[in-house]
Amino acid sequence: MELTDGYSLFFHCWPWMGLGAAITLTIIAFTTNLLRSNLSVSRWKDPTFIAWLGAIEYMFHNFEEYGVDFAGRTLEFTYMMNEMGLGAAVTEGAYLGCNIPFVWITGPVLAVLSRRYPALCGAMPIFALVNGLSHVAQLPNVGYNPGVATSIVLFIPLGIYTICTFYGKRKMFSWKTFWLTFGVAVVYMVCILGCIGLANVGMLTGNVLQFTFITLCTFGVGFLFWLVARNAKANKPVSRD
């Protein structure tokens, strides 16, 4: 079923589904201990809690981009891409492939795995920080853009907090682990830009092909995040609050 703007009914609905999941998970995160792995420290020092926050904040971010932004517009991120000359050949398959496998699957899976591999706490927040800065960088040229509010309120603060809390001397993880995690985040950003570029030159056309390409990139990046975390050596344990 298609609506008058050419996007499918599901494309109009999925941001609302994500918003519902984000609100539910936020309530669970702050009112229970279900999304924690270490009850001996503050939840803000618990890698699993931070990993879940990294997944949850992206669901709110998706809603601002594709649901209703702060100017009351729907699907505005796709229209902004078109106005910038980047989205003409990008189908909803690419947008869905970039977000649902990453936000709905990879993020929660990494959060679950963070119970065993705590260094995964940085995966989503660090990528979100990279993405958030890209939104902020557009402010001088385009002003408010869909996604910039959640970038400023959620992405950048949580990213900086995660780096300052978990990486460095006498912190849980080394700077090497941070830079490897940051490197994987940059790789994923390159994959997204690559999908857009290949679509615009006619080498990646159609919903199915674009969805498949970016989905494979997403799961590949998720594997790289896990690989970094699996090989991370924890520093001196964080002191109890």
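Within the stretch 1-39, can you find the residues that are acidic (D, E) and either surrounded by 11 or more Cβ atoms within 10 Å (Cβ to Cβ) or at pLDDT 95 or above (or both)? Within the stretch 1-39, just D5 meets the criteria.
The selection criterion, being aromatic (F, W, Y) and under 28 Å from F11 (Cα atoms), does not hold for Y167. Restricted to the stretch 75-108, and to residues that are surrounded by 18 or more Cβ atoms within 10 Å (Cβ to Cβ), hydrophobic (A, V, I, L, M, F, W, C) and not in a helix (DSSP H, G or I), which residue is nearest to the chain's Cα centre (by Cα)? Of everything passing the filter in the stretch 75-108, L75 is nearest to the chain's Cα centre (by Cα). Only residues that are surrounded by 20 or more Cβ atoms within 10 Å (Cβ to Cβ) and outside any loop (DSSP other than H, G, I, E, B) were counted in the stretch 109-122, giving 7. Could you list, in sequence order, all residues of the stretch 32-50 that are more than 22 Å from H135 (Cβ to Cβ), hydrophobic (A, V, I, L, M, F, W, C) and assigned to a helix (DSSP H, G or I)? Hits for the stretch 32-50 are W44, F49. Test A29 against the stated conditions and say whether it is within 30 Å of L204 (Cβ to Cβ) and either out of contact with any Ser or Thr (no Cβ under 9 Å at 6 or more places or on another chain) or not acidic (D, E) (or both). No: the conditions fail for A29.
Kindly indicate whether A51 is surrounded by 21 or more Cβ atoms within 10 Å (Cβ to Cβ), in contact with a Cys (Cβ under 9 Å, 6 or more places away or on another chain), modelled with pLDDT of 95 or more and over 30 Å from G202 (Cβ atoms). Here the answer is yes, as A51 does meet what is asked.
Within the stretch 34-48, residues that are within 10 Å of F166 (Cα to Cα) have Cβ atoms under 9 Å from residues that are of a type in the set (K, R) in these pairs: K45/R240; D46/R36; P47/R115, counting only partners at least 6 apart in sequence or on another chain.
Here the condition is being more than 29 Å from S42 (Cα to Cα), buried (at least 19 other Cβ atoms within 10 Å of the Cβ) and in contact (Cβ under 8 Å) with a residue 12 or more places away in the chain; of T181, T150, T215, it holds for T215 alone. Of the helices (runs of 4 or more DSSP H) lying entirely inside the stretch 131-230, those containing at least 1 residues that are charged (D, E, K, R) span 175-200, 207-230.
The values are calculated or read from the model by the stated rules, or taken from the named source; none is laboratory data. Source: prediction; values computed, not measured. All Cβ positions, glycine included, derive from the backbone under ideal geometry; neighbour counts span all protein chains shown.
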